[in-house]
Amino acid sequence: MSDETSVGAVDVTYRGIFQKNLAGVITKELVKAARREDKVGGTVQRYGDSPERNGIPAKQFAVIADDMDSLRVEMTKYEPENVVVVCVMDDTLTKGVESWAWYGVRPINLNLAPGGTLLVISRRSPEELLHWIPRRTYDWNLAILPGEPSFGGLWVYNDDGTDYRTMGAVARVTGGLVSLDSLIAEAGSGKDGDLRAAQLREGYESVTMHPVGAGVGAEDTYVPVEMPGWTQMREGLVVPAVEVGKNNTLFMKYTTRTTRPLVKFDACVKCQICYTVCPDECFIPTPEGHYDINYQHCCGCGICAQSCPVSGCIEMVDETVFESNEPLHSVFESDPAAYEELRAEKVAQAGGANPHYGIY
Ligand code: SF4
Ligand code: SF4
């Protein structure tokens, strides 16, 4: 926390369900450790969908304050202000996050305070990540904690230490919003204290910091969306049914995917299985019997790739190698060889297709 303010918030941006436990552990442990320093804190969740769906970007905040009055004021806000660090649990989220209730796609660093830190779990370089992260009008920091996205989600807690390593990194990059010592002391009061302490120290020591100047990064194309009042909000729990072959326009997908399906049209045997199994009705029949993909509605679940009977015909490819959501069959139609070249290039750029379908 700076001298001017007595409140600082940690934003944990994660993929719904898969990483929910992870976000919960991080925010709660940060608050508990802060209390050892005579600070006060609370946590709050925000969803991009209702109910939360697999892969949907979601947020959980830890708000930490020097005094209870400051905390109360901050906790009444729709989203906490003075976000000193945004923890990005899956680096494909650097392409942006759907905002609450699907009103537009927002930059991953939209609410980051000047001088704050975007902490990304990634094996990518700062330059690769900045290809997607929009520029700000102020200086900020990009911190990278080496690692793969962990999907310790709602049903299965994946005890790979990502949560405690992230907390250790938060202690380092915030310069003591919560100290490493307090985190270790808090972890020591629970199960596996020595293991947690080692994970906290590892995160603290392995995170790297990269200052980013004002104006550096991707073009910021975000246009603030006019939010409706509470009484005009779209349906949440009740979603209107759509006709077969049409898509629900309330559920456009832009940043819900870690990977997207690519079809090798010249290997397709036109069996129709992908069209039948896709839960979001993304496949568009073409006159010659292929199935094109509407990426505006694809959530990247990978069911189509898993179901296709032709080996390698549908491959799941890392989302960050794609710039556009446009369907691709028209490229195949006009030049099959050029399409195959493009497809192979994307797979190579991604370091190969993902054998685990919709998740890493
Ligand atoms: S990954 Fe395949 S099955 Fe899943 S939503 Fe996208 S097109 Fe449909
Ligand atoms: S499941 Fe595979 S082979 Fe069958 S239509 Fe879809 S892409 Fe073609």
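The values are calculated or read from the model by the stated rules, or taken from the named source; none is laboratory data. None of these values were measured; they are calculated from a predicted model. Positions of Cβ are generated from backbone atoms using ideal geometry, with glycine treated the same way; all protein chains shown enter the neighbour counts. Surface accessibility is based on the protein's heavy atoms, side chains included, excluding ligands, DNA and RNA. Shrake-Rupley method; radii C 1.70, N 1.55, O 1.52, S 1.80 Å.
Summary table below
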{"item": "Helix-only [θ]222 nm of the chain, DSSP H runs n ≥ 4, -39500 (n - 2.57) each, per residue, nearest 500", "result": "-7500 deg cm²/dmol"}
{"item": "In sequence order, calculated HN-Hα J values of segment 245-254 (Karplus, 6.51, -1.76, 1.60; Hz; x Gly/Pro)", "result": "x, 10, 10, 7, 5, 6, 10, 6, 10, 10"}
{"item": "GNM top mover of THR94, THR162, THR276 - the chain, alpha-carbon springs below 10 Å", "result": "THR276"}
{"item": "Carbon and sulfur %, accessible surface of segment 7-212 computed with the full protein complex present, 1.4 Å", "result": "50 percent"}
{"item": "Mean Cβ neighbour count within 10 Å, used as a protection proxy, ranking 316-323, 243-250 highest first", "result": "316-323, 243-250"}
{"item": "Lysines with Cα under 16 Å of LYS77, excluding same-chain neighbours fewer than 8 positions away", "result": "LYS59"}
{"item": "Segment GLU148-ARG124, extension gain: residue separation times 0.36 nm, minus the distance between their alpha carbons", "result": "7.6 nm"}
{"item": "Highest to lowest packing among 178-191, 14-27, 341-354, scored as the average C-beta count within 10 Å", "result": "14-27, 178-191, 341-354"}
{"item": "Positive-end extreme of charge dipole, the chain - chosen from THR94, GLY175, ALA23 (charges on Cβ)", "result": "ALA23"}
{"item": "Furthest towards positive pole of dipole, TRP230, HIS329, ALA348, structure part the chain, Cβ charges", "result": "TRP230"}
{"item": "Segment LYS77-GLU345, length gained on full extension (0.36 nm per residue, minus Cα span)", "result": "91.9 nm"}
{"item": "Per residue accessible area in Å² of the chain, where ligands, DNA and RNA are left out and the probe is 1.4 Å", "result": "45 Å²"}
{"item": "Using distinct alpha-carbon pairs, which all enter the 1/r mean, Kirkwood radius of segment 7-212 in Å", "result": "16.7 Å"}
{"item": "Debye equation applied to the C-alpha atoms of the chain, log10 I(q)/I(0) at 0.08, 0.09, 0.10 Å⁻¹", "result": "-0.42, -0.53, -0.65"}
{"item": "Computed lengthening from LYS191 to GLU37, 0.36 nm per intervening residue step minus Cα-Cα distance", "result": "53.3 nm"}
{"item": "Violating pairs (Cα-Cα greater than 18 angstrom) within the set LYS32/LYS191; LYS95/LYS246; LYS253/LYS346; LYS264/LYS346", "result": "LYS95/LYS246; LYS253/LYS346"}
{"item": "Estimated FRET transfer efficiency when R0 is 41 angstrom, pair SER307-ASP67 (beta carbons, to 0.05)", "result": "0.15"}
{"item": "FRET efficiency, 1/(1 + (r/R0)^6) with R0 41 Å, evaluated for LYS270 and TYR222 via beta carbons", "result": "0.50"}
{"item": "Per-pair calculated FRET efficiency, R0 = 30 Å: THR231 and ASN325 via Cβ, rounded to 0.05", "result": "0.40"}
{"item": "DSSP beta bridges in the chain [antiparallel fraction, %, rounded to 5]", "result": "65 percent"}
{"item": "Residue (of VAL263, ALA9, GLY104) at the positive-pole extreme of the chain, dipole from beta-carbon charges", "result": "ALA9"}
{"item": "The chain: angle of helix 162-173 to the longest principal axis, Cα-based, in degrees nearest 10", "result": "60 degrees"}
{"item": "In degrees, nearest ten, helix 336-349 long axis to first principal axis of the chain (Cα)", "result": "20 degrees"}
{"item": "Rounded to whole Å, sorted largest first: equivalent-ellipsoid semi-axes of segment 259-349, Cα gyration tensor", "result": "17, 16, 13"}
